[in-house]
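Here the structure is laid out as structure tokens; the discussion comes afterwards.
The values are calculated or read from the model by the stated rules, or taken from the named source; none is laboratory data. Since the structure is predicted, the reported quantities are computational estimates derived from the model, not experimental observations. Note that we place each Cβ from the backbone using ideal geometry, even for glycine, and neighbour counts take in every protein chain shown. Note: accessible area is taken over every heavy atom of the protein model, side chains too, but ligands, DNA and RNA are not part of it. Shrake-Rupley method; radii C 1.70, N 1.55, O 1.52, S 1.80 Å.
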Amino acid sequence: MNKSPRFRGLAAASVLLGAFTAISLTACAAGPASSPPATRAAQVTHNCKPQESVRFSCELQDHRLLSMCASPELSAFKGLPKDNPGYAYLVVGTPEGTVQYSYPPNPYDYKQHFYKGVSAHVIPYLFVTSEKGEFFFLSEQDAADTQGAGGWTQENLPDGWSITTKDKNRACARVLEFDPDFAAGVTRDSVWKEKERERLDAEKAKAKQP
């Protein structure tokens, strides 16, 4: 005897239910669907504060960031650099924005550590000194240097700084930000050179003493 439409419908429903159950059991056996990876912390191109101007920033060879930060009024001041009320500092930190090193400890003391000049090829440059001497050098040429920028004098790094680099004289792997006015508001290097001569003369005189 032929089955009634009702029985045929129930049979079809049973087949569908069995197929759905099989799929569900397979999915359970495979475990929950893998969730998308957690969004990484947003990466930054510098470690300056929001209200500050970024004079220079690059990625170091160990993937940390090196930035030169300044107060907005540093380059706007029209008087002598020695009278500038602004501040500037060099900072090393992670791409996630965690600051590790900053120099000088008081950014308003930048006049004692930041000096600018012009090379024989008329290329503006800037260097930063610790108590040991010049430890970082930057020139305008580096703005177009896709292979890196700046230079270290590692033996003169500030106390506590740790810099890992394949090329001990090269600071950066790639430039991230560059302000053509990076040296605006900074003291001329002749001031530092004069102080260095005085320091060396004093050391020589002390060495001659019995």
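General observations
- Taking 0.36 nm per residue of separation and subtracting the current Cα-Cα distance, fully stretching the chain between LYS193 and VAL118 would add 25.6 nm.
- When you count the other C-beta atoms within 10 angstrom of each residue and take the mean per peptide, 70-82, 52-64 line up highest first as 52-64, 70-82.
- Pairs beyond 24 Å (Cα-Cα), from LYS166/LYS195; LYS111/LYS132; LYS132/LYS208: LYS166/LYS195
- For the stretch 142-210: accessible area per residue (Å², 1.4 Å): 67 Å²
- Computed E for LYS208/ALA143 - FRET, C-beta separation, R0 41 angstrom, nearest 0.05: 0.35
- When each of the peptides 152-162, 179-189, 102-112 is scored by how many other beta carbons lie within 10 Å of its residues on average, the order from highest to lowest is 179-189, 102-112, 152-162.
- Dipole magnitude for the stretch 56-207: computed about the Cα centre from +1 point charges on Lys and Arg Cβ and -1 point charges on Asp and Glu Cβ, it is near 360 debye.
- Percentage relative contact order, the stretch 47-206, counting C-alpha pairs under 8 Å, at least six apart: 24 percent
- Principal semi-axes in Å for the stretch 87-210 [√(5λ), Cα gyration tensor, largest first]: 26, 18, 15
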